[in-house]
Amino acid sequence: MRVETAAAAKDVVVCHNMEGAAGVLLVCEHASRYIPPGLNDLGLSPAHLDSHAVWDPGAMAVATHMANLLDARLVAGAVSRLVYDCNRAPGAVDAMPALSERVDVPGNAALSTVERARRLAEYYTPFHDAVAGALATMTTPILVTVHSFAPVWYGRRREVEIGILHDDDRRLADAMLATAPSGRDIRRNEPYGPADGVTHTLREHALPFGHPNVMIEVRNDLIAQTEQQQTMAEILADWLTRSITTLDTQGRRAWTA
């Protein structure tokens with residue numbers, strides 16, 4: 001099993017286990033808190049540089065463990081989502097937000113058209129080229145994106161533990177919700193849904209081609225420690241395997257837009 005990782009901080013995408021035998025491509029858009037030095041931390045205060053505004057804490061560790069357990073391929077972002085949110089369409093206001101929840105991002109406050117285009121070319125395009133390239137080498141791929149979310153949002157506690165998100169194609173989400181592990185607060189399209197613009201990667205790489213797909217959101221206090229990350233990865237890998245088996249026995253129920 002070959003593992004490929006970013007050779008230097010300047011890399012904008014990380015590819016792991018790209019010879020994996022499973023028909024699953026895992027994607028982790030918000031894997032990194034890295035901000036290139038030339039951007040001067042986007043003007044963020046030190047207290048915010050490790051916050052959920054900057055990345056999805058724990059998501060990359062969970063996704064990596066899942067890739068190893070499943071022998072799946074993994075494509076992940078190596079730059080903070082505040083530099084460019086690779087799970088947002090070009091032109092989306094929150095692709096380079098000047099405000100993330102209650103966190104001001106001064107370095108994004110007055111971006112010129114030229115700077116926006118530069119970031120698009122430097123960060124978004126290579127990432128999505130890597131996702132498309134990986135899928136193109138797979139015969140019948142399944143696309144699964146892995147995220148984490150904050151337990152408190154705008155002062156409100158979120159009770160949901162795991163969100164199973166989908167856009168128009170709900171095949172894999174339905175299979176996962178039908179085989180969900182007990183004892184967990186698991187909900188469909190929470191804490192976000194398609195109306196929030198969070199299914200961009202699914203819409204870009206799965207829906208047009210009929211690939212089964214799902215977005216998994218895990219509350220980040222449940223994956224804050226190494227042992228928690230490993231345990232959650234085991235739960236998700238087993239759950240995903242059982243759900244894919246359900247799809248396969250049903251002939252994957254062809255979906256078209």
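Scan region 80-137 residue by residue and report those that are part of a loop (DSSP other than H, G, I, E, B), polar (S, T, N, Q) and free of Cβ contacts under 8 Å to residues at least 12 places away in the same chain.
Within region 80-137, SER112, THR137 qualify.
If I ask for residues that are touching an Asp or Glu at 6+ places or on another chain (Cβ under 7 Å) and of a type in the set (Val, Ile, Thr), which ones from region 111-152 would you list? Please lay out each step first, then the result.
As a first pass, look at region 111-152 and keep what is touching an Asp or Glu at 6+ places or on another chain (Cβ under 7 Å): 128, 145, 147-149, 151.
Once the filter is applied, which keeps residues that are touching an Asp or Glu at 6+ places or on another chain (Cβ under 7 Å) and of a type in the set (Val, Ile, Thr), region 111-152 yields only THR145.
Could we say that LEU120 is surrounded by 12 or more Cβ atoms within 10 Å (Cβ to Cβ) and out of contact with any Gly (no Cβ under 7 Å at 6 or more places or on another chain) here?
Yes: the conditions hold for LEU120.
If GLU190 satisfies every condition in (1) in a loop (DSSP other than H, G, I, E, B); (2) crowded, with 22+ Cβ neighbours inside 10 Å but one, which is the exception?
The single condition GLU190 does not satisfy is (2).
In region 151-181, what count of residues is obtained for those that are within 22 Å of SER51 (Cβ to Cβ), in contact (Cβ under 8 Å) with a residue 24 or more places away in the chain and either small (Gly, Ala, Ser) or outside any strand (DSSP E or B) (or both)?
7
Tally up the residues in region 80-117 that are under 19 Å from THR145 (Cβ atoms), loosely packed, with under 14 Cβ neighbours inside 10 Å and among the acidic types (Asp, Glu), please.
Residues that pass the stated criteria total 0.
So ILE216 ticks every box in (1) closer than 22 Å to ALA95 by Cβ; (2) not in a strand (DSSP E or B) but one. Which box is left unticked?
For ILE216, the exception is condition (2).
Restricting the search to region 131-155, which residues are over 20 Å from VAL93 (Cα atoms) and surrounded by fewer than 20 Cβ atoms within 10 Å (Cβ to Cβ)?
Once the filter is applied, which keeps residues that are over 20 Å from VAL93 (Cα atoms) and surrounded by fewer than 20 Cβ atoms within 10 Å (Cβ to Cβ), region 131-155 yields ALA132, GLY133, LEU135, ALA136, THR137, MET138, THR139, THR140, ALA150, PRO151, VAL152, GLY155.
Read-outs throughout are calculated quantities, based only on the coordinates presented, and are distinct from any laboratory measurement. Quantities reported herein were computed from a predicted structural model and do not represent experimental measurements. All Cβ positions, glycine included, derive from the backbone under ideal geometry; neighbour counts span all protein chains shown.
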